[in-house]
1. Rounded to the nearest whole Å², what accessible area per residue is found for the chain with the 1.4 Å probe?
2. Determine the calculated [θ] at 222 nm for the chain from helices alone, applying -39500 (n - 2.57) to every DSSP H run no shorter than 4 residues and normalising by the residue count; nearest 500 deg cm²/dmol.
3. Tell me the label-point distance for the pair residue 72, residue 24, using the 7 Å Cα-to-Cβ offset, in nm and rounded to one decimal.
4. Report the one residue of 18, 58, 76 whose Cα lies farthest in the direction of the positive end of the charge dipole of the chain (charges on C-beta: Lys and Arg +1, Asp and Glu -1; origin at the Cα centre).
5. Only residues of the stretch 18-51 count here: report those whose backbone N is under 15 Å from the spot 7 Å along Cα→Cβ of residue 62, or say none.
6. When the Debye formula is applied to the Cα atoms of the chain, each taken as the same point scatterer, what base-10 log of I(q)/I(0) results at q = 0.16 Å⁻¹?
7. Working out 0.36 nm times the residue gap between residue 3 and residue 43, then minus their Cα-Cα distance, what length gain in nm do you get to one decimal?
8. Could you pull the accessible area for residue 9 with a 1.4 Å probe, rounded to 10 Å²?
Amino acid sequence: MTKRSVQIKLENGLEARPVALLVQEASKYDSTIYIHSGDKRVNAKSIMGMMSLSLSNGDELEVSAEGFDEKAAVEGIEDFLSSQRA
């Protein structure tokens, strides 16, 4: 399992469009990917789960992945959340 703490650097946080793009990014990987925020843990490939977190710019979270491409998955999610490209 690979884990990494990430700070969200998306100007408007994780609203509907950025969440959809994040789910698309997560779906590129075969690994199981979770986003941990506070006491919540959601599947990064679930739009409804990700929307339930209501994450904002500057929030800290943890990304974890398990599978043969777990390192690439965590790096891809981190790049997305910290790149301001959404």
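The values are calculated or read from the model by the stated rules, or taken from the named source; none is laboratory data. In this text, all values refer to a predicted model and were calculated from it rather than measured experimentally. Ideal geometry is used to build each Cβ from the backbone, glycine not excepted, and the neighbour counts take in all protein chains shown. SASA here: full protein model, heavy atoms, side chains in, ligands and nucleic acids out. Shrake-Rupley method; radii C 1.70, N 1.55, O 1.52, S 1.80 Å.
1. 56 Å²
2. -11000 deg cm²/dmol
3. Each label point lies 7 Å from its Cα, and together they span 1.9 nm.
4. 18
5. 33-43
6. -0.49
7. 13.0 nm
8. 90 Å²
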